[in-house]
Structure formats: C-alpha cells, structure tokens
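Peer 1: I'd like to ask you about the structure that follows.
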Amino acid sequence: MASKTQNAKLDAKKVLEAVENQFTTLQILNEEGEVVNEAAMPDLSDEQLQELMRRMVYTRILDQRSISLNRQGRLGFYAPTAGQEASQLASQFALEKEDFILPGYRDVPPIVWHGLPLYQAFLWSRGHLAGGQIPDGVNVAIPQIIIGAQYVQTAGVALGLKKRGVKAVALTYTGDGGTSQGDFYEGMNFAGAYNAPAIFIAQNNRFAISTPVEKQTAAKTLAQKAVAAGIAGIQVDGMDPLAVYAAVREARDRAINGEGPTFIETLTYRYGPHTMAGDDPTRYRTAELDNEWEKKDPLVRFRKFLEKKGLWNEERENEVIEQAKEEIKEALKQADAAPKQKVTDLMNITYTDLPQNLKEQHEIYSAKESK
C-alpha cells in the first residue's frame, strides 16, 4: 500500500518542534529532596533506599581518593565522577546480576558495583593486564576508551542475549560528546532494527571534554535522537537518583518483554575535570555555572529526602565514609601486590602466534627480563 501523502506544503520546522516538545524532563525529587512526582515513584524498600545512598557516598569518597592517587602517580588514567553518582549508580541499581554493562572510561563505579573487584579497577587504570581479566559471573566489559564504540558493542551483546533467549539486557553509557560519534548512531540503529534488549544512556554533563553541548548539536535535547533510530527515548534529571532508577527500570522491563531498546539522556554535571590528564575546566566553565549545579548535588538531594524519612543521619554517613576509606586502602594494597607487568606478557596475551618482527623483539625483551 502506498504511504499516505498530503497536498498541503510541509512545514518541516513545525514537525521538528512537535518532536522536540515531546521530550520533557522526568524528575521525582527536587533540589530540596521533596517528592514532586508521586506517580513516578519507584517501588523501593527503605533498605534499598539506604543501600543506594550508601553506594553514592562510598563512590564520592572513591572519587576523591582516586584523584589523590592519580596525583601521586599511583593510578594511571582517571576520569572524575563526582556529580554523576545518581546517573551512574541508580542506573546500575535498576539492573539485575544477569544484565551486562559496557562502560565508557568514566563509568568505573557502575561496573565495580556490578561485581568487578575494586583492586582490578585500580589495575585497569594502571594499564595492567590483570585489570581486564573479568571474573566469571561478572557481566561487565572493561571501560571503553574509544568514544562511543561501546554503543555498537552493546547492540551486539543485546542481540546475542535475544538470540540465546536470555531475559537480560545490555546497558551502556557515553557522554554528550559521544552522541556526536558515528558509533552512537550505528549502535542505536542496529539495536532498533533488531529489537534488541539494549539500554543506551547518554550522560549529558554539558561540556564533553570542553565543548558546550549547544555546539555539539542543533537538537534541543539529546533524547530526541532516539526518534531517528525508531526506539523509545526519554530525558531524565540525572541528579535525581529516583528518576534515573525509575527510567532505567522501566526500560529494562520493556526490553526483556520484547519491546526493544531505549535511549536515556541524563542531565548531569561533572564537578571535576574531564580527566586528570591536564584538563582545566575553569577555561570553559564559569564559577556561576558550577555553583548552580552544586546546588543540585545528587548526594545532598537524596540525603535530604532520606533524612526526612528517618532513614539517614550523620552517624550512618560517617560509618560509610570510614568503610570506604578502609576498603579502598585494602584494594590498593592488593593492586600493589600484583606481579609487575612485563613487555613479553603484553605480547603473549595479544598474540597466539607472534609475527616474525615480534618474535625477534620477544627474544630481546626475554633476555632483558631474565636478568
């Protein structure tokens, strides 16, 4: 049957505006920790609410300690996470153990809470091969450095889950800058075409490495990019852990019921630099904007909410902080105890059969390493 046409002149601008106006922001908790959307409240027990807060506080301490370790030369690559705890941890909290996470380089906390031992996360940062040896039963990939590549990989993992009849999803993250990459579109388009159980999250922290999101795209929202792929899309207050949880949990339920993938834009903010590799955010962000977003801090917001319910207090938070410091110290000791990595180790894990030029190099380094 031929598609329907209209004789009147098409107003392309009006069509675009109609699409854009559909993408409003899902919020459950406002900045004061007050529930402003009771209908969207997720079904979480008091214990689950406390556990989510515990993880957020723990991760803020982990971020602070990781920055210090990086400055001391005890960690390698590190991308700060403060400000994005709700986006990262509430999304992971909405998953089940059998679900897969394919993270970007900033998304170490979600895969740690999904089962990757913390000492291995430290080793990954150092470039040690043991950091990428994921334990059996832990459904995560190592963090992807190539921006946006994890979107294509997630589409593949999700399709694999579907073909095997596994009731699970594959979830991935990128930043607002990642939505400008070709892999971003290819991954969502593929998942949409095959109705794969994937959840794609774009953490819109507004500046990618240093470019404002307004210069990344002409689209008013990132969420509307889902329309082109023919998949569900939603924009969420990424500083609101309950809104993030609700959006991801609903996306998971629909995915495992055969309703296809979802793209979620979380509006969030990174308080630190893009990475610890020399980025200076004061060159592209104003103090006024930083102050505005600090008032939206996900830990402050969630703390106020829980305190009003009698579920959180200063004593409980201090216990979590001390626990985090102690466990981070132990994980660091374990990472320090890992065997020193050799050049020949890198060759051996990369190749089954070494090419001739590397055979020669292998012999040279073997001789050096045996001394």
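Peer 1: Which condition breaks for LYS296 when tested against (1) touching an Asp or Glu at 6+ places or on another chain (Cβ under 6 Å); (2) farther than 30 Å from LEU267 by Cα?
Peer 2: LYS296 satisfies all of (1) touching an Asp or Glu at 6+ places or on another chain (Cβ under 6 Å); (2) farther than 30 Å from LEU267 by Cα except (2).
Peer 1: Is it the case that LYS340 is of a type in the set (Lys, Arg), free of Cβ contacts under 8 Å to residues at least 60 places away in the same chain and surrounded by fewer than 11 Cβ atoms within 10 Å (Cβ to Cβ)?
Peer 2: So LYS340 fits the description; yes.
Peer 1: Right, here's the next one. Working carefully through the options LEU123, LEU95, LEU116, find the one that is surrounded by 19 or more Cβ atoms within 10 Å (Cβ to Cβ), touching a residue at least 60 places away in the same chain (Cβ under 8 Å) and not in a helix (DSSP H, G or I).
Peer 2: LEU95
Peer 1: Inspect the range 186-203 for any residue being out of contact with any helix residue (DSSP H, G or I) (no Cβ under 9 Å at 6 or more places or on another chain) and either touching a residue at least 12 places away in the same chain (Cβ under 8 Å) or not in a helix (DSSP H, G or I) (or both) and give the result as yes or no.
Peer 2: no
Peer 1: When you go through THR266, THR286 one by one, which is the residue that is farther than 16 Å from ALA94 by Cα and polar (S, T, N, Q)?
Peer 2: One residue alone meets the criteria, THR286.
Peer 1: Say we look at the range 246-284 and pick out the residues that are assigned to a loop (DSSP other than H, G, I, E, B) and in contact with a Gly (Cβ under 7 Å, 6 or more places away or on another chain); which of these is surrounded by the fewest Cβ atoms within 10 Å (Cβ to Cβ)?
Peer 2: TYR271
Peer 1: Would you pick out the residues in the range 87-113 that are hydrophobic (A, V, I, L, M, F, W, C), over 19 Å from GLN133 (Cβ atoms) and in contact with a strand residue (DSSP E or B) (Cβ under 7 Å, 6 or more places away or on another chain)?
Peer 2: Passing the criteria: only LEU95.
Peer 1: I'm checking my understanding of the structure. Among residues of the range 1-56 that are of a type in the set (D, E, K, R), over 26 Å from the mean Cα position of the chain (by Cα) and assigned to a loop (DSSP other than H, G, I, E, B), which one is modelled with the highest pLDDT?
Peer 2: ASP11
Peer 1: Could you please find all residues in the range 141-184 being in a strand (DSSP E or B) and under 12 Å from the mean Cα position of the chain (by Cα)?
Peer 2: Those that are in a strand (DSSP E or B) and under 12 Å from the mean Cα position of the chain (by Cα): GLN144, LEU171, THR172, TYR173, THR174, GLY175.
Peer 1: If you take just the helices (runs of 4 or more DSSP H) that sit entirely in the range 291-362, which of them hold at least 1 residues that are under 20 Å from PRO241 (Cα atoms)?
Peer 2: Correct list: 298-308, 314-336.
Peer 1: I'm trying to understand the selection: among the residues of the range 293-319, which are surrounded by 14 or more Cβ atoms within 10 Å (Cβ to Cβ) and either more than 18 Å from LEU44 (Cβ to Cβ) or not assigned by TED's automatic domain parsing to the domain that holds VAL36 (or both)?
Peer 2: Across the range 293-319, the qualifying residues are TRP293, LYS296, ASP297, VAL300, GLU317.
Peer 1: ASP290: closer than 29 Å to GLN64 by Cβ and of a type outside the set (Val, Ile, Thr), yes or no?
Peer 2: It is true that ASP290 is closer than 29 Å to GLN64 by Cβ and of a type outside the set (Val, Ile, Thr).
Peer 1: Among (1) surrounded by fewer than 18 Cβ atoms within 10 Å (Cβ to Cβ); (2) closer than 14 Å to ALA86 by Cβ, which single condition is ALA228 missing?
Peer 2: Exception for ALA228: condition (2).
The values are calculated or read from the model by the stated rules, or taken from the named source; none is laboratory data. This structure is a prediction, so every number in the text was calculated from the model and none was measured. Heads up, the Cβs are rebuilt from the backbone with ideal geometry, glycines too, and the neighbour counts pull from every protein chain shown.
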